[in-house]
Amino acid sequence: MSNCKMSPSKKVLRLYKSSGIRTISGVLSANIFNQSISFIIIFLATKLLKVSDFASFAIAMSITMLWALFLDFGLSTTIVRKFNNLGNENKSREFLSLSYSWKLMVFLLNIIISFPITKVSIYFFPILQGYESLIYISYLSGGLLSLWMTVRAIEQAQKNFTNFKKYTFIYGFLRLIFISLILIVDKFEVNYVFLTLYALPLFLLLSFDVVKNRGLMKVFRKADWKEFLTVGFSYSKWVALSGLFFMLLSRLPQFTLGASSSEKEVALYSSAITFVVVFSLLNDTIRTVIMPDITIIKTNEQRKVYTAKLLKFLPFVVGLGFIIIAIISVMIYFLLDEVYKESIPVFWIIGLAHVMLIYIGLFNILIHSYGVPKLNAINNLVRLLVLIVLLIVIPKSAISVSVTYAIVVVLGELNLLFKIRRLG
């Protein structure tokens, strides 16, 4: 009968075929595979490396992420917004070409400046003494990761999610191959393990990409670089500051423990934030798919439709968050060494905070619809300054810094939500 109710299975199939869910699931599957290999590598590092080696390994990962954000300087997010808002197809294509050429130059410069920056880092963090090669590799990896972010952003801007998925899968396969080789030849040392995470697979992928996309660099000599820098960085500077401040929020407690606490406390906090990457994976996947559409939302009516849809997902996000926290807690308890079991309460605290951040953040992404990234940058700066002050006065333990971090980031995200609502 035509008026009979649709079965639950047909509803799910219909939802999958529409509204971008299929795209999200495809990108998510690629990201899950890649990050699962990363997770396995980090898990093996907790099992097979000494506590002191893992503490330095974890700090090196933080350096790579922060340095990649610094070198990117918000350009990857700006690429997605500007490509959809320049109003001229030729200008949009030229912007992609200039962005690509610019990041290649930044990467080459990074190879040189990583030497002195490594020396400075070791001077300020005595815990890194004896790990000079690891820290230099982490800065090189940051340069490669920054270029990788731009390549993926170019695909994202054009909604070329097929390539996005393909290269993400290949990234994961290369990681798997390299870590397998290290285990086979019995060379599970901190430098080799870190190379498998970023430098080796990214170098191969980006070398192929440079050859494939050499046409993107044809505008290198005849382009209007002044206009590119003015248009691009007028927006990206705020995205960059916002991203750097936000990344520092989770890494600052780690650096604080590294400078004034024991290797064990650093390892406990580092272990917890390593597992929190599961939430970042889900968050990044959703944002990757919806960002191009967010940037073309212009009216308050369109924004109201978007927020109304998000409200329906609250039970799903909360329920999924608790399930993930429970599963990972069991994994930590049964699979990691005794010393890391103490990180479970730390993971609970940070994990719950990130569940709230994911949901509230999906409302706050509308900041790119309004085109006011400065608001987010200022909000994150205030959060960072508050966290710095609190970290000075609180006891230097993994539990205390994680509680402080969780409270600051969640209250800050709510503050941003209220400010964005006033814009409408």
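The values are calculated or read from the model by the stated rules, or taken from the named source; none is laboratory data. Remember, it's a predicted structure, so these values are computed and weren't measured experimentally. Note that each Cβ is placed from the backbone with ideal geometry, even for glycine, and that neighbours are counted across all protein chains shown. These accessible areas exclude ligands, DNA and RNA; they are computed on the full protein's heavy atoms, side chains included. Shrake-Rupley method; radii C 1.70, N 1.55, O 1.52, S 1.80 Å.
A few points about this structure:
- Criterion applied to K82, K119, K91 was being in a helix (DSSP H, G or I), among the charged types (D, E, K, R) and crowded, with 18+ Cβ neighbours inside 10 Å, and the one residue passing it is K82.
- Residue in the stretch 36-58 that is modelled with pLDDT of 50 or more, among the charged types (D, E, K, R) and not in a helix (DSSP H, G or I) present: yes
- Counted residues, the stretch 376-424 - those being closer than 17 Å to P345 by Cβ, touching a residue at least 40 places away in the same chain (Cβ under 8 Å) and either outside any helix (DSSP H, G or I) or small (G, A, S) (or both): 5
- Failed condition for I358, given (1) modelled with pLDDT under 85; (2) under 29 Å from A308 (Cα atoms): (1)
- Restricting the first member to the stretch 157-173 and to residues that are more than 13 Å from L205 (Cβ to Cβ), and the second to residues that are open to solvent by less than 50 Å² (accessible area, probe 1.4 Å) and among the basic types (K, R), no beta-carbon pair is closer than 8 Å while six or more apart or on different chains.
- Taken together, the residues in the stretch 133-176 that are at pLDDT 95 or above, open to solvent by 10 Å² or more (accessible area, probe 1.4 Å) and polar (S, T, N, Q) amount to 0.
- Any hit, the stretch 70-90, residues being modelled with pLDDT of 90 or more and basic (K, R): no
- Within the stretch 192-207, the residues that satisfy the criterion of being open to solvent by less than 50 Å² (accessible area, probe 1.4 Å), closer than 19 Å to D53 by Cα and assigned to a helix (DSSP H, G or I) are V193, F194, L195, T196, L197, A199.
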